[in-house]
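The values are calculated or read from the model by the stated rules, or taken from the named source; none is laboratory data. Remember, predicted model here, so these are calculated numbers, not experimental data. As a convention, Cβ positions derive from the backbone with ideal geometry for all residues, glycine included, and neighbour counts pool all protein chains shown. These area figures cover heavy atoms from the full protein model, side chains too; ligands, DNA and RNA do not enter into them. Shrake-Rupley method; radii C 1.70, N 1.55, O 1.52, S 1.80 Å.
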Amino acid sequence: MADVGVMERTAEPARLRPLAREDAPRIQAILSQEAVTTMLAVVPWPYPEDGGATFVAEHVPASPTYALVCAITDANADDEQFRGLVTLRATEGVLRLGYYLDPAVWGRGFATSACRQAIAEGFRRHPATPVEAGVFDDNPGSVRVLEKLGFVRVEGELEECVAKARGVGSRLYRMTPEAWRAGQ
């Protein structure tokens, strides 16, 4: 499935655009920060020197396993600089939400804004498919993002964190299409 085009300007702090080959150096810089990588389940620490270029090569053009792969940019900036990534991966009857941000924009509403836009697009494309997101117990910022968006915790589990090289307590959250529409 093709990536979303540049989302229209709104009051949202984040804007989504398709991932581009030019994003590889910024992906590399962001994921080379331990504070980011250790909050992601499948990204190794230290991040490989060619990790950004490899990721972009696998996802531009869009990967068929992902329903959505978008760069997060600052809606109030004149540039389209990569500030993070948001994805929806189609798996086992759900869309799995994933995202990360440059720590320079943490706490400014980018995660909530970008995830809200991605979820809306996901439900537009897949109106009957729920969205799930996992978050490590030691990531209260992402817990707040999911709860603000209306996700409901459905279970706790031990999930492998590649960067931490061990299992870590995590929580699984879910958003049904009906709950999304009711909250809009």
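Summary table below
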read-out	value
Single condition residue 52 does not satisfy, out of (1) in contact with a Pro (Cβ under 7 Å, 6 or more places away or on another chain); (2) closer than 22 Å to residue 174 by Cα; (3) of a type outside the set (Val, Ile, Thr)	(2)
Total residues in segment 165-184, condition over 16 Å from the mean Cα position of the chain (by Cα), open to solvent by less than 60 Å² (accessible area, probe 1.4 Å) and among the aliphatic types (A, V, I, L, M)	2
Residue check for residue 109: in contact (Cβ under 8 Å) with a residue 60 or more places away in the chain, farther than 19 Å from residue 32 by Cα and not aliphatic (A, V, I, L, M)	yes
Residue match in segment 143-164 (condition: in a strand (DSSP E or B) and open to solvent by less than 10 Å² (accessible area, probe 1.4 Å))	yes
Test result for residue 29, surrounded by fewer than 20 Cβ atoms within 10 Å (Cβ to Cβ), of a type outside the set (D, E, K, R) and part of a loop (DSSP other than H, G, I, E, B)	no
Filtered residue count, segment 165-178, keeping only those that are part of a strand (DSSP E or B) and either closer than 15 Å to residue 37 by Cβ or not small (Gly, Ala, Ser) (or both)	7
Candidate set: segment 37-58, residues that are among the aliphatic types (A, V, I, L, M) and in a helix (DSSP H, G or I); chosen: the one surrounded by the most Cβ atoms within 10 Å (Cβ to Cβ)	56
Test: residue in segment 76-84 that is modelled with pLDDT under 95, surrounded by 18 or more Cβ atoms within 10 Å (Cβ to Cβ) and not aliphatic (A, V, I, L, M)	no
Residues within segment 59-115 that are over 13 Å from the mean Cα position of the chain (by Cα) and in a strand (DSSP E or B), tallied	4
Filter result (outside any helix (DSSP H, G or I) and over 22 Å from residue 159 (Cβ atoms)) within segment 116-141	126, 127, 128
Residue satisfying all of: in segment 95-115; in contact with a Lys or Arg (Cβ under 8 Å, 6 or more places away or on another chain), open to solvent by less than 30 Å² (accessible area, probe 1.4 Å) and not aromatic (Phe, Trp, Tyr); nearest to residue 144 (Cα to Cα) among these	112
